[in-house]
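A quick write-up on the structure given underneath.
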Amino acid sequence: MSPRRALTIALLLAGIVHIVAILAIPGTASRSAYGRVASVTDLFAVTLLPPDGSPLPRLDPSFVHAVCRAEFGQGAAILSGDLPPVPWMVSVVDETGALGDSFSSAGAALPGVDFIAGSAAAIDRIRSAVPVPPAHRFHAPVGTDHGFILLRVFAGTGIERPEIEAAVRRLRCARYDEAG
């Protein structure tokens, strides 16, 4: 085999190994978004995230951020309660860090949040059990067994940040069966 051909084969193999290694990083990372949130939160509890952005970096500091960590493989989780009349958004994040369904205060019929996330089967059971669900309730199917509900509440208005944080702490995060 000529040296030129050997070098070409070696470079191709090195390129393939490099691409495989890069593609494998997200699946093998031990500190995913879910892993970082899981290390500082309890299951089915509203946890305010610190304003410095840890454990989720690059969060907008003009918002109060909170999470409700859940095990969607065991059913559904509900995040509900009243919030001040400021813009807010709630999203579901699965254990891979993928952002799922979201909704905001602009789409809510009431001044509070009523968000249920769970496996597709659990969401189907919940929807079929309640023939006419409340207009203010939102459902989000999740494709993994673990994840969290991320709440962002705008704190750059006349309402003080401590008041918003207190309202967020009063929210209910529970297994849907327990919350009703």
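Bear in mind that the values in this text are calculations on the coordinates, not laboratory data. This one's a predicted model, so the numbers in the text were calculated from it and none came from an experiment. Note: ideal-geometry Cβ built from the backbone for every residue, glycine included; neighbour counts use all protein chains shown.
Observations on the model:
- Average projection area in nm² (convex hull over Cα atoms of the chain, one quarter of hull surface): 14.0
- Rg to Rh quotient for region 1-88, alpha carbon positions, Kirkwood Rh: 1.29
- Between the C-alpha center of region 72-113 and that of region 47-70 there is a gap of 14 Å.
- Looking at region 1-94, the trypsin sites (Lys or Arg not before Pro) that sit in a DSSP loop and have at most 14 other Cβ atoms within 10 Å of their own Cβ are R31, R58.
- Modelled this way, with points 7 Å down the Cα-to-C-beta line, the labels at I159 and I16 are 5.8 nm from one another.
- Ordering of 6-17, 136-147 by packing [mean C-beta count within 10 Å, highest first]: 136-147, 6-17
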